[in-house]
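Just below is one structure, and these are the notes that go with it.
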Amino acid sequence: KYTQQQKNLNAETLAPMKKIYKSYAENEIRIYYVMNRLKELEKVEVSDEEIENEIKSSAEKMGMDVEKYKELYKKQIDKEEIKESLISDKIIKNIERTVDFKKPKKQKESKKKESKKEEK
C-alpha cells in the first residue's frame, strides 16, 4: 500500500529533486572527465603492489588476516576499482601538493564582517 505522501509525488513535487540530481550528475561527469584527462597527462599509474597494500590496509582496519580477508571478500574485491581509486588519490594529492589554494574573496570579506560584529 502506498502512503498518502507517496501518492502525492507528482511532476510538480519531483521537479526540484530532478534539478538537484541533474546538477549532481553533471558535476560527477565533469569530475570523471577531468580526472581521466589528468590521468592521461600525468601518466599516473598504480602498481600491483600498491593494490595489494590497499587490500592489506583494508584487512588491517577490520582486524583480519589478509588471506582470510581476501577469501571472505573475494566477490567484493575489485582490483580495477581499487586501482582507479588509488589513481584518483594520487591525482588529488598531486593537485594539493602543487596548487596554492586561496580562499575566495567573498569568504574573506564575510569573515571580516563577522569579526567586526563580534568586536562590537
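Details
- Evaluating LEU38 against the criteria (1) more than 25 Å from ILE95 (Cβ to Cβ); (2) surrounded by 11 or more Cβ atoms within 10 Å (Cβ to Cβ) leaves one unmet condition, (1).
- Of all positions in the range 72-88, at least one carries a residue that is over 30 Å from GLU42 (Cα atoms), surrounded by fewer than 15 Cβ atoms within 10 Å (Cβ to Cβ) and not basic (Lys, Arg).
- Among the residues making up the range 47-68, those that are among the β-branched types (Val, Ile, Thr) and under 11 Å from LYS79 (Cα atoms) are ILE51, ILE55.
- The helices (runs of 4 or more DSSP H) found entirely in the range 1-61 that carry 3 or more residues being modelled with pLDDT of 90 or more are 11-42, 48-61.
The values are calculated or read from the model by the stated rules, or taken from the named source; none is laboratory data. This one's a predicted model, so the numbers in the text were calculated from it and none came from an experiment. As a convention, Cβ positions derive from the backbone with ideal geometry for all residues, glycine included, and neighbour counts pool all protein chains shown.
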